[in-house]
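Below is one structure, written out as structure tokens; comments come after it.
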Amino acid sequence: MWSVEFTDKHGDIKYRFYEKFKDPLTDKDRRTSIVMNKDTKQSQKEAQARLNERIAAILERSNGSHQSIEDKTFYSIAMEWLEEYKTFEDAKIGTIKRKESEVRQMFNYFDKDALFVKITFKYLQDFFYYKHREGLAHSSLSSYSITLRAIYKYARTGNYRFEPDFKLSDLRIPKEKKTPDQLVYERNENKYLTDAEIKDIFDYIDYKIKVRARPDVLRNLNMIKHIIEFQMLNGMRISELMAIEPHNIDFDNKRLKIDGSIFWAATPEGFGYKDTTKTDSSTRDIVLTQRSIDILKKVILENKKETRWNDSYKDRGFVFTGSTGSPMPKDKVNTILREAAEWTGLNKRKKVTTHILRHTHISKLAALNIGLKTIMHRVGHSDYKTTLSIYTHITDEMHEDTMQKLENANL
């Protein structure tokens, strides 16, 4: 076994430990590796043990033999699956972090010594009821279900060839009962903002700017105002907007390259770092209006001033930043939107978050008779359903308005 020191993308020193073995299928030397945070004797001992386990698993697969699962705990099988997922799946960092969190939450419920083969259908079903009582949304429970199925698929198709005596597809994923407010929010006409509602939101932010004196608070409020307007003008996800860097902008041709999204986690440089886009179709070029160009130029100029005069501001290369130079936290934007909705009474019929700004952009494009496929490309939608629901509602309204005008004209 040997190790190589390297620096990861967050600037942390790590150590990759390697071990060689002979592949029985090819009779050639191969190697496998794991990453450790330290290169101490204890780390070396742990690395050797983990490498031995990995090599043993590879050799058993090559020999076509199956491991016994009888004495394996749910914990050990889940951890094996998680390690394989992290090693071989082409998943975003954010997705991997979510899977790690879901597995940890399972361990909080499952007895750590519970044998995998002894887990019953009722035991799994009770887990979902338990998480539902904790207040987990249906979408989150569905994500847990996907992870659980992946763990059982690993046990079925990997070294163990274990088949449970129940169907995971029979598990019931509880749904929360929708409140009257939620039913109101879900109406298509309440999924986007009107021009008057947009003006009310900006009026509230302007009011807050007038009554705030602290320079850092004023800067953040002005930045949030720019973020809200830019998202409505361009319809990108808030995580994509926060990931914009100056090199993504082509000022001469008024184009923007959307090539990443912010994953909200602490790093040595600050909070939040750039990851890949949500899906392959989310990586795209879009055209910008002159107003969008003006916003970008103004924000970049303000950032340069902060870099020069504010010692606490660290230029990390992002455009839409908070007072320390990291991407503006989306929670701060949503807080201002929520306050504005409460101030105007808008919250009684609409759920005002950054997501409604994205839908507002779709509604504007639909009203301009822009084609559905063009809209989907611009906003980075791979699934047409969300785009279509808003698009159809707007175009239906336009048809009704046309008919009313024709009726009034007696044509």
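Just so it is clear, none of the values below were taken in a lab; they were calculated from the coordinates. All values reported here derive from a predicted model rather than from experimental measurement. With ideal geometry, Cβ positions are generated from the backbone for all residues, glycine too; neighbour counts draw on all protein chains shown.
Summary of values
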quantity: Long-range tail of P(r) for the range 317-394 (Cα pairs > 14 Å, %); calculated: 68
quantity: Percent breakdown of C-alpha pair distances by 5 Å bin, ordered from the shortest bin, for the range 109-164; calculated: 4, 17, 24, 26, 17, 9, 3, 0
quantity: Test item: Cα-centred dipole of the range 183-405, Lys/Arg +1 and Asp/Glu -1 on Cβ, debye; calculated: 300
quantity: Rounded to whole Hz, the Karplus (6.51, -1.76, 1.60) HN-Hα couplings of the range 88-95, x for glycine and proline; calculated: 10, 7, 8, 10, 5, 4, x, 5
quantity: The range 187-310 - Rg (one decimal) and Dmax (whole number), Cα, Å; calculated: 15.9, 48
quantity: Cut-off under 5 Å, modelled amide H: who pairs with T276 long-range; calculated: I93, S261
quantity: Y129/N108 FRET efficiency (R0 22 Å; Cβ-Cβ; nearest 0.05); calculated: 0.90
quantity: Anisotropy class of the range 75-170 from Cα gyration tensor, a/c 1.5 cut; calculated: oblate
quantity: Lys, Arg +1 and Asp, Glu -1 on Cβ, resulting dipole of the range 2-170 about Cα centre, debye, nearest 20; calculated: 280
quantity: Positive-end residue of L141, V379, S312, charge dipole of the chain with Cβ unit charges; calculated: S312
quantity: Under the Karplus curve 6.51 cos²θ - 1.76 cosθ + 1.60, θ = phi - 60°, whole-Hz ³J(HN,Hα) for the range 163-175, x wherever Gly or Pro sits; calculated: 10, x, 8, 9, 9, 5, 5, 7, 4, 8, 9, x, 10
quantity: 222 nm mean residue ellipticity, helices alone, for the chain (DSSP H n ≥ 4; -39,500 (n - 2.57); rounded to 500); calculated: -17500 deg cm²/dmol
quantity: Percent antiparallel among DSSP beta bridges (both partners in the range 2-170, rounded to 5); calculated: 100
quantity: Cα-based radius of gyration of the chain once divided by 2.2 N^0.38 Å, which approximates compact folds; calculated: 1.22
quantity: Between 0 and 90°, nearest 10: helix 330-344 axis offset from the chain longest Cα axis; calculated: 40
quantity: Cut-off 12 Å, label 7 Å out along Cα→Cβ of R98, residues of the range 273-308 by amide N; calculated: 278-279
quantity: Longest site-free stretch - the chain; sites: GluC sites (Glu not before Pro), DSSP loop, at most 14 other Cβ within 10 Å; calculated: 270-411
quantity: Proximal lysines relative to K9, as straight alpha-carbon distance under 20 Å, when same-chain residues fewer than 8 apart are discounted; calculated: K38, K86, K92, K97, K274, K278, K314
quantity: For the range 297-369 and the range 119-146, distance of Cα centres in Å; calculated: 34
quantity: Descending semi-axes in whole angstrom, ellipsoid equivalent of the range 2-170, from the Cα gyration tensor; calculated: 31, 22, 14
quantity: Calculated log₁₀ intensity ratio I(q)/I(0) where the Debye formula runs over C-alpha points of the range 183-405, q = 0.09, 0.12 Å⁻¹; calculated: -0.38, -0.67
quantity: Contour minus Cα-Cα distance for D195 and F251 (0.36 nm per residue); calculated: 17.4 nm
quantity: Cα long-axis angle, helix 121-133 against the chain (0 to 90 degrees, to the nearest 10); calculated: 30
quantity: Cα-centred dipole magnitude for the chain, charges only on beta-carbon of K, R (+1) and D, E (-1), debye, nearest 20; calculated: 380
quantity: At R0 = 35 Å, FRET efficiency that the Cβ-Cβ distance of S68 and D8 yields, to 0.05; calculated: 0.45
quantity: Difference of contour (0.36 nm per residue) and Cα-Cα distance, T335 to R50; calculated: 98.1 nm
quantity: Listed residue (L168, Q48, I69) projecting farthest to the positive dipole end of the range 2-170, Cβ model; calculated: Q48
quantity: The chain: angle of helix 195-211 to the longest principal axis, Cα-based, in degrees nearest 10; calculated: 80
quantity: The chain: most fluctuating residue of R237, R16, R219 per GNM, C-alpha cutoff 10 Å; calculated: R16
